[in-house]
Amino acid sequence: MKKITRFLSLLLAAAMVLSLNFGTLTISVASAYTITIQNETDGYTYAAYQIFSGTLTGTGVTNDPYVLSNVVWGSGVSNETIGTYSEILAAIKAITLDSGTTYLFKDCTSAADVTAVLSANNSNSELAEKFAETVAGHLSNTATTADTVTTGTGYVLDVGTPGYYLVKNTAVPTGTGTSYTSYILQVLGAVSMDPKTSVPEVDKKVIDEDDSEGTTSDWQESADYDIGDDVPFQLTGTLPSNYADYDTYYYAFHDEEDAGLTFNPDSVKV
């Protein structure tokens, strides 16, 4: 599932935040490096992976913003070739955009080079999406996970150190109204995120035919029919707002007939 859709440049702490389809993000200075997902629905599990780490300098004030320097690969990235991270770097260098932009990372030889490209293109939503998709295939150890809701706060991930982190769901509650989310962001202190997601909705309606009046209704919630009549009905479904972010998306209707009805498969039109 690929979910990142845009970079947001935040003036506060001169931090770059990359997010996907999810509402408001704010960064506040704190002694701990925490990521708070403002979701108080039980049953979710969030995992944070450190993509890049570095040295944090600055005090966070206007004339002395926080800066992450000496950037290196983080603990959450697979070290396929010891000491070189050649596989993830090769994958990042091969990123191309559908808009026709050439290989923006082609000259990168280090983690610091990659973050410099991200910073220089922090408004390119397609690049953010492709980068997140690529990185997601080269993750290993989690920095931390959270599966318990703190009332009035949400899920809190204490990542411990500054850096770039990808946060994603590893579990969602069963039932309707839930969906997976994913983020990449730079953590320079305490980060609070308000996830905004949508899930498919389905509506079922029927047409009512009045034999005595000779009239036919529009699609509506209920209708009366006699034994032996054909009963036209319609299922209408919506797609999630982030539908375009999926490589594939499987969508199925499951409808159970009332007793006494016989389904006519030849009548189905999509």
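The values are calculated or read from the model by the stated rules, or taken from the named source; none is laboratory data. Predicted model, so just to flag it, every value in this text is computed and none were measured. Cβ coordinates were reconstructed from backbone atoms using ideal geometry, including for glycine residues, and neighbour counts include every protein chain displayed. To get the accessible areas, we keep the full protein, side chains included, count just its heavy atoms, and leave off ligands, DNA and RNA. Shrake-Rupley method; radii C 1.70, N 1.55, O 1.52, S 1.80 Å.
Using the heavy atoms of the protein chains and a 1.4 angstrom probe, tell me the accessible area per residue for the stretch 202-246 in square angstrom.
On the way: 3340 Å² over 45 residues.
Accessible area per residue, the stretch 202-246: 74 Å².
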Taking a ≥ b ≥ c as the square roots of the eigenvalues of the Cα gyration tensor, with a/c under 1.5 meaning rounded and otherwise prolate when a/b exceeds b/c and oblate if not, the stretch 134-176 is oblate
Under the 7 Å Cα-to-Cβ spin-label approximation, L97 and Y225 lie apart by a distance in nanometres of 5.2 nm
Here the stretch 223-238 yields Karplus 3J(HN,Hα) values (6.51, -1.76, 1.60; θ = phi - 60°; whole Hz; Gly and Pro given as x) of 7, 10, 9, 8, 4, x, 6, 7, 10, x, 9, 9, 9, 10, x, 9
Counting only protein heavy atoms and rolling a 1.4 Å probe, one gets per residue an accessible area for the stretch 96-147 in Å² of 48 Å²
Accessible-area order for I92, I207, I82, I227, largest to smallest, probe 1.4 angstrom, reads I227, I82, I207, I92
The distance between the Cα centres of the stretch 242-270 and the stretch 201-215, in whole Å, is 20 Å
With R₀ set to 51 angstrom, the calculated FRET efficiency between the beta-carbons of F253 and A116, to the nearest 0.05, is 0.60
Judged on accessible area alone, 1.4 Å probe, highest first, Y85, Y103, Y49, Y251 line up as Y103, Y251, Y85, Y49
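Mind counting lysine pairs for me in the stretch 120-270? Cα separation below 16 Å, and the two need to be 8 or more apart along the chain or on different chains.
Working: K130/K168; K168/K196; K204/K269; K205/K269.
Pairs that pass both the separation and distance tests number 4.
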Reported to the nearest 10 Å², S110 has, with a 1.4 Å probe, an accessible area equal to 40 Å²
Per-residue accessible area, 1.4 Å probe, largest first, puts W219, W73 in the order W219, W73
